[in-house]
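The values are calculated or read from the model by the stated rules, or taken from the named source; none is laboratory data. This is a predicted model, so every value here is computed, not measured. Cβ: placed from backbone, ideal geometry, glycine included. Neighbour counts: every protein chain shown.
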Ligand code: FCX
């Protein structure tokens, strides 16, 4: 992987120097105001951290190193026989800021295949977990246990590793982890849902998405391509979301990438974050059951805007959120939703589940606006992913957030590499108590 390292040895130190000069010239300039509501309100709108790999625009959605997802679907190298971009290409782009060639992407695929093997103790641990333990808890525990492999932690412990070496060691661990995640995920999938069926061997000639699909027992080209798209669009969503921010925060203590990402996965496992994709599917399943209740299970016959509106209002009136809708930053339909909708229009236009999701898209935003709470009534990434997976036979919804977890590593770990190259310090914002805030306001 020398070409990638060579490129980064040019790009990252230059960037760190640029940041140093920028801070020397403008370090004291104000970039926003802070209000009492922001301190209580989950820090929404506070520009309080730097993340170089991607930036989220409220209307337009995410850009990876300046490129929209739509552009990336066109420009990133594709897998053999596929139409969707390769996650390895997104990884190269997020790391370097440059679009990779097909050759560079293939180089990365081969390198990751070489790094994929798990240590025996992690395999053993995964095989010993009870099937009832949620796949996300299994994933985060296994990732944390991979700490034993950390090159960063070992080098740090010697006491004579200069700070200038931190980013390379962080990158080594990150690539190792990104390569091992599909293997861990496939083992969890096969253990929990397929009686411990062996995952087979990684094929060094295949890309990460193809190997991942194959290890879980899927060979359909459509599914392989969906997985590639899935792994690209979930990879990064700027720095403030729970999984990215956790990786940044824990990594800022110089905990190695395994420890930092293990922590992030515990945040991704929450229903307001990554678990929403599982929640969407279980909500759709309940809606279908109710629509089919008086109809011998034939829910399709009762599918209309009126019956769906009733279901949405029922959910809201019982005090629950509509999973897959709303966002802390976005104020329009998430382009990650649109990518998946386009995929469905191409590959499964006649699917009943797709009709259901599409009709919800017509119904939910107006209802959320009438309900008057959510600042963003539009769908996010999680509203669509489940039914695509169902279409290809991956029906185990408890597993869906694990796929998100395999993907999210690509963005947040590359961001960690950038952070280490810039020498960003321990994150430690100031917190206040309510009496302290009151005294501050009274004195102002
Ligand atoms: N349904 C019902 N109410 C909603 C709602 C929804 N989909 N989205 C927001 N609201 C409510 C909030 O619960 C809040 O109510 P409260 O004042 O009683 O606490 C109010 O509207 C204001 O919230 P808002 O500022 O719009 O949203 P937040 O930034 O606080 O939260 C999330 C953003 C995403 C957490 C919120 O929209 C939500 O709960 N959505 C459903 C879960 C979901 O889809 N999560 C996945 C998000 C993302 F894409 C990901 O990380 O994977």
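Within the range 232-239, is there a residue that is in contact with a strand residue (DSSP E or B) (Cβ under 6 Å, 6 or more places away or on another chain) and assigned to a helix (DSSP H, G or I)?
Looking for residues that are in contact with a strand residue (DSSP E or B) (Cβ under 6 Å, 6 or more places away or on another chain) and assigned to a helix (DSSP H, G or I), one finds at least one in the range 232-239, hence yes.
If the requirement is being within 11 Å of the ligand (Cβ to nearest atom) and part of a helix (DSSP H, G or I), which of these qualifies: 243, 282, 307?
Exactly one of 243, 282, 307 is within 11 Å of the ligand (Cβ to nearest atom) and part of a helix (DSSP H, G or I), namely 243.
Could you count how many residues in the range 246-279 are modelled with pLDDT of 95 or more, assigned to a helix (DSSP H, G or I) and near the ligand (Cβ under 10 Å from one of its atoms)?
Total satisfying the criteria: 2.
Quick check: is even one residue across the range 13-30 surrounded by 11 or more Cβ atoms within 10 Å (Cβ to Cβ), in a helix (DSSP H, G or I) and in contact with a strand residue (DSSP E or B) (Cβ under 8 Å, 6 or more places away or on another chain)?
no
Somewhere in the range 193-209, is a residue part of a helix (DSSP H, G or I) and either in contact with a strand residue (DSSP E or B) (Cβ under 9 Å, 6 or more places away or on another chain) or surrounded by 23 or more Cβ atoms within 10 Å (Cβ to Cβ) (or both)?
Checked the range 193-209: at least one residue is part of a helix (DSSP H, G or I) and either in contact with a strand residue (DSSP E or B) (Cβ under 9 Å, 6 or more places away or on another chain) or surrounded by 23 or more Cβ atoms within 10 Å (Cβ to Cβ) (or both).
Tell me which residues, restricted to the range 325-342, are assigned to a helix (DSSP H, G or I), in contact with a helix residue (DSSP H, G or I) (Cβ under 7 Å, 6 or more places away or on another chain) and within 14 Å of the ligand (Cβ to nearest atom).
335, 336, 337, 339, 340
Only one of 345, 356 is assigned to a helix (DSSP H, G or I), closer than 19 Å to residue 230 by Cα and away from the ligand (no atom under 11 Å from the Cβ). Can you tell me which?
It is 345.
Identify all residues within the range 392-410 that are part of a helix (DSSP H, G or I) and under 21 Å from residue 210 (Cβ atoms); write none if there are none.
Passing the criteria: 399, 400, 402, 403, 404, 405, 406, 407, 408, 409, 410.
When residues of the range 291-304 are filtered for being assigned to a helix (DSSP H, G or I) and out of contact with any helix residue (DSSP H, G or I) (no Cβ under 7 Å at 6 or more places or on another chain), how many remain?
Residues in the range 291-304 being assigned to a helix (DSSP H, G or I) and out of contact with any helix residue (DSSP H, G or I) (no Cβ under 7 Å at 6 or more places or on another chain): 2 in total.
One line per residue, one yes/no per condition, for (1) within 11 Å of the ligand (Cβ to nearest atom); (2) more than 16 Å from the chain's Cα centre (by Cα):
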{"residue": "371", "(1), (2)": "yes, yes"}
{"residue": "375", "(1), (2)": "yes, yes"}
{"residue": "381", "(1), (2)": "yes, no"}
{"residue": "397", "(1), (2)": "no, yes"}
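Among the candidates 322, 367, single out the residue that is crowded, with 17+ Cβ neighbours inside 10 Å, under 22 Å from the mean Cα position of the chain (by Cα) and within 13 Å of the ligand (Cβ to nearest atom).
From the options 322, 367, the qualifying one is 322.
So is residue 342 crowded, with 18+ Cβ neighbours inside 10 Å and on the phi < 0 side of the Ramachandran plot or not?
no
For the subset of the range 195-222 comprising residues that are farther than 21 Å from residue 116 by Cα and in contact (Cβ under 8 Å) with a residue 40 or more places away in the chain, which member is nearest to the ligand (Cβ to nearest atom)?
222
Failed condition for residue 79, given (1) buried (at least 24 other Cβ atoms within 10 Å of the Cβ); (2) under 22 Å from residue 10 (Cβ atoms), with all others met?
Unmet for residue 79, out of (1) buried (at least 24 other Cβ atoms within 10 Å of the Cβ); (2) under 22 Å from residue 10 (Cβ atoms): (2).
What helices (runs of 4 or more DSSP H) completely inside the range 86-161 contain at least 1 residues that are under 30 Å from residue 423 (Cα atoms), touching a helix residue (DSSP H, G or I) at 6+ places or on another chain (Cβ under 9 Å) and in contact (Cβ under 8 Å) with a residue 60 or more places away in the chain?
Because the criterion is at least 1 residues that are under 30 Å from residue 423 (Cα atoms), touching a helix residue (DSSP H, G or I) at 6+ places or on another chain (Cβ under 9 Å) and in contact (Cβ under 8 Å) with a residue 60 or more places away in the chain, the helices (runs of 4 or more DSSP H) in the range 86-161 that meet it are 87-96, 102-114, 135-145, 151-158.
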